[in-house]
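K.L.:
Before anything else, here's the structure in question.
The values are calculated or read from the model by the stated rules, or taken from the named source; none is laboratory data. As the structure is a computational prediction, the values presented were derived from the model and not from experiment. Because the Cβ atoms are built from the backbone with ideal geometry, glycine has one as well, and the counts that use them run over all protein chains shown.
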Amino acid sequence: MANEQPTIAGKDYVRAVPNTWWLQRKTYVTFMVRELTCVFVGAYALFLLVLVSKAGDAAAFDALLNSPVLITLQIIALPMVLFHSITWINLTPKVMVVFRGEDKVSPALIAGVNYVAWAAISVIIYGIASCQG
Amino acid sequence: MAASDTVKKTMSLEVFRYRPDEEDEPTFQTYEVPYKEDWVVLDALNYVKDTMDGTLSFRWSCRMGVCGSCGMMVNGEPKLTCSAFLRDYYPDPIRVEPLTYFPVIRDLVINMDDFMNKLTEVQAWLQPKEEKPVSEGEYRQTPAELAKYKQYTMCINCMLCYSACPVYGRHPEFTGPAAIALAQRYNLDSRDGAADERAEVIFKHEGIWGCTFVGDCSRVCPKHVDPAGAIQQAKVTATQDWYKSLLMPKRK
């Protein structure tokens, strides 16, 4: 069923893709940075799990929070997680397509709802944390 | 030479040449072409072909961004050469290459067999849920049902999205942006009933799951089809189908 074109047999020239392909375009670089930020998102999630495991032991909990290594991790992870979250939310309108009759709901509104939800959940968590602290 | 000739502006066109009957490796050939404000790269290529070098091979047809034949790399960017104006590059030279990630047959002509076969694999055509005789009339559809897939009907099969996709570059077995967007076009059509057959081809690793959402396909698409969006939406559908089959294994 293949639609073969007349070519000189075996003489099609195939251009190799260099390992530096991701430096060729700005969108590729942005993509690679977004992928790399995953590592920090993962590292921070691990940190949180360890922190939760120390919840019963106040001294160990404080020691972990005050550890210079982990403070450094958090300082690096914060911008990485923010970059990851913002680029993630900006992409949601591509995935969530909502129609109202014949019209598409504006992508800005869909991303906006995600930002509002992000802010609201953050405020709620902060509220719970400050009540308990 | 008349004085008026000396002030005529020209531009350098560096063109990828590959003549399989003469050479094993491609080369670049530079042509000095007239600079005209209303000329596009395709006009300059036709000028070369008509007046300077009849051996130069390239595809083109409509000259108005509809046929999808004249896609090439213009200074490293996948472009329809009928829509790439010289004035946007002047006075710098313009480098014209065949669409990247595709095998080159000759000069600027790529081998598109792979894409054509993928279009067939994803069954990019309408397959009515229930065939009915002509006497029963049309398969009717509301404007709201049309709106759901209309964007994907804009695809002109120009393959610029494949040349923007590093996944396709590294893994040519990837079904790729346009073929998946076109599969989605028919899957979302209320008259169509072949989504399950298409799912077997596109809901697998070489299909939608190969996509890492670089998103460059949507950026270069001259028709704003947004194939990256189509692929992510298909991922959501595939995931929902998987959960449904898990929760209700007997229901088809």
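K.L.:
I'm trying to understand the selection: among the residues of region B:142-157, which are assigned to a loop (DSSP other than H, G, I, E, B) and loosely packed, with under 14 Cβ neighbours inside 10 Å?
P.N.:
Within region B:142-157, B:T142 is the sole residue that qualifies.
K.L.:
Related question: State whether the residues of region A:110-129 include one that is more than 14 Å from chain B (Cβ to nearest Cβ), of a type in the set (A, V, I, L, M) and surrounded by 13 or more Cβ atoms within 10 Å (Cβ to Cβ).
P.N.:
Checking region A:110-129: at least one residue is more than 14 Å from chain B (Cβ to nearest Cβ), of a type in the set (A, V, I, L, M) and surrounded by 13 or more Cβ atoms within 10 Å (Cβ to Cβ).
K.L.:
Answer yes or no as to whether B:E14 is modelled with pLDDT under 95 and over 30 Å from B:R198 (Cβ atoms).
P.N.:
No.
Here's the yes/no breakdown for (1) more than 22 Å from B:I231 (Cα to Cα); (2) assigned by TED's automatic domain parsing to the domain that holds A:T27:
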{"residue": "A:V39", "(1), (2)": "yes, yes"}
{"residue": "A:G56", "(1), (2)": "yes, yes"}
{"residue": "A:L65", "(1), (2)": "yes, yes"}
{"residue": "A:T72", "(1), (2)": "yes, yes"}
{"residue": "A:I86", "(1), (2)": "no, no"}
{"residue": "A:V116", "(1), (2)": "yes, no"}
{"residue": "A:I124", "(1), (2)": "yes, no"}
{"residue": "A:A129", "(1), (2)": "yes, no"}
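K.L.:
If you take the residues in region A:34-66 that are loosely packed, with under 12 Cβ neighbours inside 10 Å and assigned to a loop (DSSP other than H, G, I, E, B), which one is nearest to the chain's Cα centre (by Cα)?
P.N.:
Taking the candidates together, the pick is A:A55.
K.L.:
Six or more apart or on different chains, Cβ under 7 Å: which pairs go from a residue in region A:67-96 that's within 14 Å of chain B (Cβ to nearest Cβ) to one that's in a helix (DSSP H, G or I) and among the β-branched types (V, I, T)? Could you list them?
P.N.:
That search, which allows pairs on different chains as well, returns A:H84/A:T37; A:H84/A:V41; A:T92/A:I110; A:P93/A:I110; A:V95/B:V236; A:M96/A:I110.
K.L.:
Now for a separate question. Identify, from the list B:M1, B:M64, the residue that is hydrophobic (A, V, I, L, M, F, W, C), at pLDDT below 95 and surrounded by fewer than 17 Cβ atoms within 10 Å (Cβ to Cβ).
P.N.:
Among B:M1, B:M64, only B:M1 is hydrophobic (A, V, I, L, M, F, W, C), at pLDDT below 95 and surrounded by fewer than 17 Cβ atoms within 10 Å (Cβ to Cβ).
K.L.:
Note down all Cβ pairs under 7 Å where the first residue falls in region A:1-22 and is at pLDDT 60 or above, the second is loosely packed, with under 10 Cβ neighbours inside 10 Å, and they're at least six residues apart or on different chains.
P.N.:
Between residues of region A:1-22 that are at pLDDT 60 or above and residues that are loosely packed, with under 10 Cβ neighbours inside 10 Å, the close pairs are A:I8/B:D21.
K.L.:
Evaluate the following for B:Q240: is it free of Cβ contacts under 8 Å to residues at least 12 places away in the same chain, assigned to a helix (DSSP H, G or I) and either of a type outside the set (A, V, I, L, M) or crowded, with 17+ Cβ neighbours inside 10 Å (or both)?
P.N.:
Answer is yes for this residue.
K.L.:
A:R15 fails exactly one of the following numbered conditions: (1) within 14 Å of another protein chain (Cβ to nearest Cβ); (2) surrounded by 15 or more Cβ atoms within 10 Å (Cβ to Cβ); (3) part of a helix (DSSP H, G or I). What is the number of that condition?
P.N.:
Checking A:R15 against (1) within 14 Å of another protein chain (Cβ to nearest Cβ); (2) surrounded by 15 or more Cβ atoms within 10 Å (Cβ to Cβ); (3) part of a helix (DSSP H, G or I), the one that fails is (3).
K.L.:
Need a quick list: strands (runs of 3 or more DSSP E) entirely within region B:56-129 having at least 1 residues that are away from every other protein chain (no Cβ under 14 Å) and of a type outside the set (F, W, Y).
P.N.:
Qualifying strands (runs of 3 or more DSSP E): B:71-74, B:77-80, B:94-97.
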